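The values are calculated or read from the model by the stated rules, or taken from the named source; none is laboratory data. Here the structure is a predicted model, which means the values were calculated and not measured. Side chains included, ligands, DNA and RNA excluded: accessible areas come from the protein's heavy atoms. Shrake-Rupley method; radii C 1.70, N 1.55, O 1.52, S 1.80 Å.
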Amino acid sequence: MRHRRSVFGAAVLLAAACLLESEKPTAGQARLTTVAPAARADLAAWDSRVDSMLRQGELKVRLERPDTLIDGRSIEQLDQYVDGVRVWNAGVSRQLDGQQTVSMFGNLYDGVSIAVTPTVTAQQAKATIEQIGGTELGPDRTPRLHILPMDDGSFRLVWVGEIATTSDRLRLFIDARDGSVVRRNSLIDRQAPGGFVGHGLGVLGDS
């Protein structure tokens with residue numbers, strides 16, 4: 001049994017080394033890695049890496065809760081950070097059975113290089129959001145600093161805040177360097193214009 005454990009441990013270390021080597025970004029570029037290990041050795045390698053990132057502050061626990069579908073299991077949601085600033089929509093979720101990780105999925109960025117000291121203050125970003133929304137934000141609605149991955153592979157340091165207008169609810173990404181609006185998302189779900197509308201008959205023959 002001791003020999004079998006040592007062989008498995010060596011296999012895990014080898015898998016981890018190969019996994020990390022294959023994910024190294026090219027010079028000057030960050031790389032998005034999808035985390036979805038299926039094989040036992042891959043899961044163990046990722047589990048070891050996630051634990052290391054937690055110790056180094058590159059991941060932080062946002063939420064821990066019991067698994068509502070399987071008794072005795074729990075869910076742990078972790079967000080990715082670079083130099084203390086959260087990376088937008090980057091992180092992993094782990095399902096645990098006691099202390100043992102049984103599944104994991106998410107997205108992580110390797111090789112993120114960006115200065116995280118803003119030149120635009122949170123209050124200045126808040127004023128921009130209020131101007132766009134035409135209303136004031138409460139004292140507990142101060143924008144939060146994030147690193148935003150862009151479609152071209154670059155990253156922007158941004159303030160993120162939300163505001164409700166008379167016709168919409170907006171999430172705004174304000175550049176933390178020059179105060180410009182980097183991205184503007186509506187948080188209200190709408191039917192797409194020209195979308196297909198189905199037709200059928202009810203049990204009473206009604207349309």
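Find how much the distance from residue 132 to residue 33 grows on full extension, using 0.36 nm per residue of separation minus their present alpha carbon separation; answer in nm with one decimal.
On the way: separation 99, 0.36 × 99 = 35.64 nm, distance 3.50 nm.
In short, 32.1 nm is gained.
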Tensor-based shape of segment 61-207 (alpha-carbon gyration tensor, a/c under 1.5 rounded, otherwise prolate or oblate): oblate
Area of residue 183 that stays accessible when all protein chains are in place (1.4 Å probe, Å², to 10): 70 Å²
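Given 0.36 nm per residue, what is the gain on full extension from residue 181 to residue 166 after removing their alpha carbon distance, in nm? Don't skip to the end; give the middle numbers.
Numbers: separation 15, 0.36 × 15 = 5.40 nm, distance 2.00 nm.
Computed gain between residue 181 and residue 166 is 3.4 nm.
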Residue-level accessible surface for residue 114, protein heavy atoms, 1.4 Å, Å²: 30 Å²
Extension gain, residue 188 back to residue 107 (0.36 nm per residue minus Cα-Cα distance, nm): 26.7 nm
³J(HN,Hα), Karplus 6.51/-1.76/1.60, whole Hz, each residue of segment 130-139, x for Gly, Pro: 5, 5, 5, x, x, 8, 8, 8, x, x
Accessible-area ranking of 83, 97, largest first, probe 1.4 Å: 83, 97
Residue-normalised accessible area of segment 63-207, expressed per residue, 1.4 Å probe, Å²: 61 Å²
